[in-house]
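So the structure is just underneath, and the comments pick up after that.
The values are calculated or read from the model by the stated rules, or taken from the named source; none is laboratory data. Please read all numbers here as calculations on a predicted model, not as lab measurements. Methodologically, a virtual Cβ is constructed for each residue, glycine included, from the backbone with ideal geometry; neighbour enumeration extends over all protein chains shown. In case anyone asks, the SASA skips ligands and DNA or RNA and just uses the protein heavy atoms, side chains included. Shrake-Rupley method; radii C 1.70, N 1.55, O 1.52, S 1.80 Å.
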Amino acid sequence: MSLIVVFIIMEVALFHRNVRNAKSAHAKPLKDLTAIIPPPQLLAEAKRPELLKNIIEFSALELPRFESLCLNLIHNLVNHCQSIPETANSYYALPGGLLDHALNRTEAALSLFRQYVMQEGGELSEEQKLWLYALFSAGILQGIGKLQIDYRVDLFDVNGQLLKQWSPLLESMASVGSYYQFEFQPEGEEDFRRRLNLLMARLLMPASGYAWIISNPEVLAVWLALLNEDVRSAGTLGAILIRADAIAIQRYFNEFMVKGAGSRGGRGNRIGTFVDGVSDSVADKERMLGVEFIKWMTEQLARGAIMINKPPLFIVPGGLLMLSDIFKLFVREHPEFKNWQIVQTAFLSLGLHSLGADGSVISRFEQANTQQMQSGVVF
């Protein structure tokens, strides 16, 4: 065998070894990854079947139409978001949070629509069903553009081999990989996300559902306003969707409080009893007031009396920034407490707050749209 042939064989062997090494360098153990799960399986978990049952009932569509127009869209959302949480450590921050938020928001929106529009015992007209479908699809897809800018998702094959970084604007996770891994990115520009909402909605909408919406110019205009988070232009449906989102967040906080009560050992577990008036110490009375404040705040959110991202409540990295005015509002409605600092201290006694950069209970953030500094307690 000539030296040239030997040299070629060695070069080929070296090339294949380098390829194998490069591949192994991008492989990860499957235990460190999250499996991509079919929509029916994910939708069968936790409280999702109950939410789906209510959505089917509230949609007023026959089952075949619901499956074609609504369930199709929900499945497309699942194939895109899988078990990604809505936020890193705020509301709906657990696995599947993005999906759970969408289902809770949509179920609440459809329920509110029927309360406002339907007469008792009446039936929806075909046009009302179209408006309801516009609300349904906007509820499912609200804020969906964040998948493109607020997360980095890497897709892997069945062996844990890295395939690619996912592009939500081109394809679903389920159409490419078997496993995934994600990390949060710095929060993207709000206006950019709103524009992305429209592109993502067109990608995920069933063709028949999209055709139904664009068949009515007035419905189309409101639907686009909802997706663009332009509440003023969306009119009544915009107001319904805002309140529905507040209800969805309220549900999360309520479940959070119940879980927190059950998971705290010792005296912390008394949260479940002192709400009913059982308290035998100053500490218990303080915590009882803290829980009453949270119940009041979530009720205000549900009624639309307090709006997120308007004073005195802002979403910030790590949770909800509560300005001192929110405690003052509580005292205004509950004058028996006289001092807002007492209410703030009662909330802090629950241990549901984050500390500021300097270790204090007061955190400071710059408001993006006004560049003003806001200070308060982070829930």
Worksheet item: Would it be correct to say that residue 280 is modelled with pLDDT under 80 and assigned to a loop (DSSP other than H, G, I, E, B)?
Response: yes
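Out of the residues in segment 312-349 that are free of Cβ contacts under 8 Å to residues at least 60 places away in the same chain and in a loop (DSSP other than H, G, I, E, B), which is nearest to residue 378 (Cα to Cα)? Reasoning before the result, please.
In the first step, residues of segment 312-349 are kept if they are free of Cβ contacts under 8 Å to residues at least 60 places away in the same chain; the result is 313, 321-345, 347-348.
Within this subset, residues satisfying the condition of being in a loop (DSSP other than H, G, I, E, B) are 323, 334, 338-339.
Details: 323: 9, 334: 22, 338: 23, 339: 20 Å.
Within segment 312-349, the match that is nearest to residue 378 (Cα to Cα) is 323.
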Discussion item. Tell me whether segment 65-87 contains one or more residues that are modelled with pLDDT under 95, outside any helix (DSSP H, G or I) and either among the small types (Gly, Ala, Ser) or open to solvent by 70 Å² or more (accessible area, probe 1.4 Å) (or both).
Written reply: no
Discussion item. Among the residues of segment 102-109, are any under 16 Å from residue 40 (Cβ atoms) and either open to solvent by less than 20 Å² (accessible area, probe 1.4 Å) or under 11 Å from the mean Cα position of the chain (by Cα) (or both)?
Written reply: yes
Worksheet item: Residues in segment 31-45: is at least one touching a residue at least 60 places away in the same chain (Cβ under 8 Å) and surrounded by 22 or more Cβ atoms within 10 Å (Cβ to Cβ)?
Response: no
Fill in: Candidate set: segment 350-379, residues that are closer than 15 Å to residue 327 by Cβ and touching a residue at least 60 places away in the same chain (Cβ under 8 Å); chosen: the one surrounded by the most Cβ atoms within 10 Å (Cβ to Cβ)
376
Item to complete: Determine which member of the set 183, 171, 187 is open to solvent by 90 Å² or more (accessible area, probe 1.4 Å), free of Cβ contacts under 8 Å to residues at least 40 places away in the same chain and on the phi < 0 side of the Ramachandran plot.
Response: 183
Worksheet item: If you scan segment 307-333, which residues turn out to be modelled with pLDDT under 85 and β-branched (Val, Ile, Thr)?
Response: 308, 315, 316
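When you scan segment 315-341, how many residues do you find that are within 17 Å of residue 93 (Cβ to Cβ) and either buried (at least 17 other Cβ atoms within 10 Å of the Cβ) or among the hydrophobic types (A, V, I, L, M, F, W, C) (or both)?
Going through segment 315-341 one residue at a time, the tally reaches 6.
Do you know which of the residues in segment 46-64 that are on the phi < 0 side of the Ramachandran plot, not basic (Lys, Arg) and not in a helix (DSSP H, G or I) is least open to solvent (accessible area, probe 1.4 Å)?
For segment 46-64, the residue satisfying everything is 61.
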Worksheet item: Does residue 273 count as modelled with pLDDT under 80, more than 29 Å from the chain's Cα centre (by Cα), in a helix (DSSP H, G or I) and not aliphatic (A, V, I, L, M)?
Response: yes
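Every residue, every condition in (1) of a type in the set (Val, Ile, Thr); (2) surrounded by fewer than 17 Cβ atoms within 10 Å (Cβ to Cβ); (3) more than 18 Å from residue 235 (Cβ to Cβ), yes or no:
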| residue | (1), (2), (3) |
| --- | --- |
| 125 | no, yes, yes |
| 135 | no, no, no |
| 139 | no, no, no |
| 209 | no, no, yes |
| 217 | no, yes, no |
